[in-house]
Amino acid sequence: MRRSFCGEGSHEENCISKGGVKSRTENIPAGGPDYVPDEHPKSGRRVGHVLRLLLPGFFAALLTVGICCFITNPPAFLLTEEERFVAFTEEVFRGELSGNTLNLHYLVADPASYGLEDAEVTIGDASVESYEEAYATLENYRNTLLGFDYEELSDERKLTYDVFLDYLETELEAEELLLYDEPLGSTLGIQAQLPILLAEYSFRTKGDIEDYLTLLAQIPDYFESVLSFEQEKSKAGLFMSSDCALSVIGQCLDFVSDTENHYLIEIFDEKIDAVSNLTMDEKIAYKARNEAVLTGYVFPAYRELAAGLAELEDTGVNEMGLYYYPEGCAYYEYLIKSMVGDDRPIEEIEEEIKAQVVSDYAAMQELLAELAEDSDDGQMQDGASVSDEGSSTAEEPSSGTDDFAAMQEEPSSGTDDSSAMQEESTSGTDDSAAMQEELVSGTDDPAAMLEDLRGKITADFPLLPTVSYEVKYVHESLQDYLSPAFYLTPAIDDYTDNVIYINPTSGYSGLDLYTTLAHEGYPGHLYQSVYFASQSSDLLRLLLDVGGYTEGWATYVEMYAYLLYDGDSAEVAVSQLNRSFTLGIASLLDIGIHYRGYTPGEVTAFLTRLGFTESTAGSLYDAILESPANYLQYYVGCLNFWSLRDSLEESVDGFSLKEFHRVVLETGPVPFAILKEQCLKKLT
């Protein structure tokens, strides 16, 4: 039930999913302290994530193999419990990947080495029937899993067992809420993420090119299944708001506004030209086939999806948060547990956020006062100033808490980044080519910053296996669709070569660029992905992503990176506090809108009291409305890491930050309750 089709982080991120393609490109949230979200929180910060994101969620595929075929060869009675368990998890891994070629292509470079060379080329199915069949498959998984003798498994297999069981039980608990899932959306929706996944689809072999063209031809059927799912949502009174529908419709029509000069044609031609083992005639033929398939299948599919949504546009009964749907609060609770990996009561999570927000606000005001005293005009330099809507102009809440409490008492009713709460920076964005040249030649060289980060983190983070990385710039045709930066998650069997993309239109420089690269690179997504992939973990673990762990870690180390930046320490501290503060406010509003029923007017009134503009308040409300719990992956995930680290530092004699990070990274993506157990076991 997680968002289908994707891509951190995409990241993104990998997970078993239901309903065909998953949609989350690290996924593709965009962001940065000065980014007004049309998408997500500051990943960089995440579209990067979002394309890390490329695979943050899987388009789920329905298995066609028997659930017990893992014991057929050799006979089950000849296998130990450990061997039977490994065979079972590997069969799940193969079965899930065989059901969606996009997932398979992005996760595995050499399918034959995993017994997947003959997997059918398919993009999946998002109909209600496929969801129902997927739940039946998950139930079979759980029944089989519970049949193993837990005590006979090694510690590593027990961890896989625990993570998989938690995943299955969480998803199955929400089975009756399947129509609350929303596969479409202007930033994280399938129709938005799919073009990015296609644009970044690598051609390692001729077979990859053939598979790609086959997938394009399947998009009409896939979109038809998506539309059928939306029709069922409409019948159940759960269709999206009219504003969201109009946004998706507009995006679909924009995608096909100039088909003759489409970026999917241009990018495909460039990739084909770069394939060395094709003859000139073959290249010409492939280019012609691609253009024909786009014209005959893909572009009509987007038009038909837009037309189908237009017929449903006014059938929605709710223009506000999940709170106003019959089981909306229950679904939101599920999202937090599933996406964030935090099973605490929402009230407890909310109080933790409020406490951190108040603390950040007070500390920021104190630092700003000190800086004002030390400066003739009280202005900060070098890009370290607080955003226009930030606390530098905000009215201080009485006792530091009254405004927050007031919102909690009035229950009338992703964006990857805190950026949704800030004005979009306009400086340096008019000429992307000039910005790219400046980044490469000036002091804000992304590669130099990444090397600086890689060297400085060695004191507090374990050594990473030797890998290479390349900094690339987003293709001009995609710059309007992607976040300021993102990490493209490599295949699990080819993780030594990594790519981080910079979007020149972001205008990032200085501290913003440095912390963004920490989020995406070292010690963020690149670091965590390579570290975990290099471990001898069960293959199944590579499908079981927990957004709160993945995005929470990247946000946690992003905050750490502020301490590494060579700049005025007080000004850098203010920027770090402002980043945390705005992410915290966005997370509080996420809960307020979807769990407590805050109206747009209440959100605007609250934010304007804090110094934010009405337009920023409206943008943030829309972003949160479309992507419930998305901000919490980043911020609540980060708070969990802070809390766990602090509690261990107090209770463990000779606590080592490097050892803490080692255990966290070796454990990999897990719900936070399981992570805490692992840390207590290995560090105490």
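The values are calculated or read from the model by the stated rules, or taken from the named source; none is laboratory data. Model, not experiment: these values are computed from the prediction. Here the Cβ is made from the backbone with ideal geometry for all residues, glycine too, and neighbour counts use every protein chain on show. Note: areas computed on protein heavy atoms with side chains; ligands, DNA, RNA excluded. Shrake-Rupley method; radii C 1.70, N 1.55, O 1.52, S 1.80 Å.
The table for this structure:
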quantity: Solvent accessible area, Å² - residue 206, 1.4 Å probe, full protein context; calculated: 80
quantity: Heavy-atom accessible area ranking, 1.4 Å probe, most first, across 556, 473; calculated: 473, 556
quantity: For residue 257, solvent-accessible area (1.4 Å; no DNA, RNA or ligand), Å²; calculated: 90
quantity: Given charges at beta-carbon only (K, R positive; D, E negative), |dipole| of segment 116-267 in Debye; calculated: 460
quantity: Neighbour net charge for residue 234 - beta-carbon separation under 13 angstrom, K R +1, D E -1; calculated: -4
quantity: For residue 252, net neighbour charge (Lys/Arg +1, Asp/Glu -1) across residues whose Cβ lies under 10 Å away; calculated: -1
quantity: Three-way shape call for segment 589-631 based on the alpha-carbon gyration tensor, with the a/c threshold at 1.5; calculated: prolate
quantity: Cα extents of segment 203-293 along the three principal axes, largest first (Å); calculated: 55, 25, 19
quantity: Alpha-carbon Rg with Dmax, taken over segment 171-233, Å; calculated: 14.9, 43
quantity: Links that overshoot a 30 Å alpha carbon limit, given the list 233/271; 287/472; 354/456; 337/658; 206/456; 354/676; calculated: 233/271; 354/456; 206/456
quantity: Principal axis dimensions, largest first and in whole angstrom, of segment 484-637 by Cα; calculated: 51, 40, 26
quantity: Proximal charge balance of residue 295 [Cβ under 12 Å; K/R count +1, D/E count -1]; calculated: 0
quantity: Percent of Cα-Cα distances greater than 18 Å, calculated over segment 245-372; calculated: 75
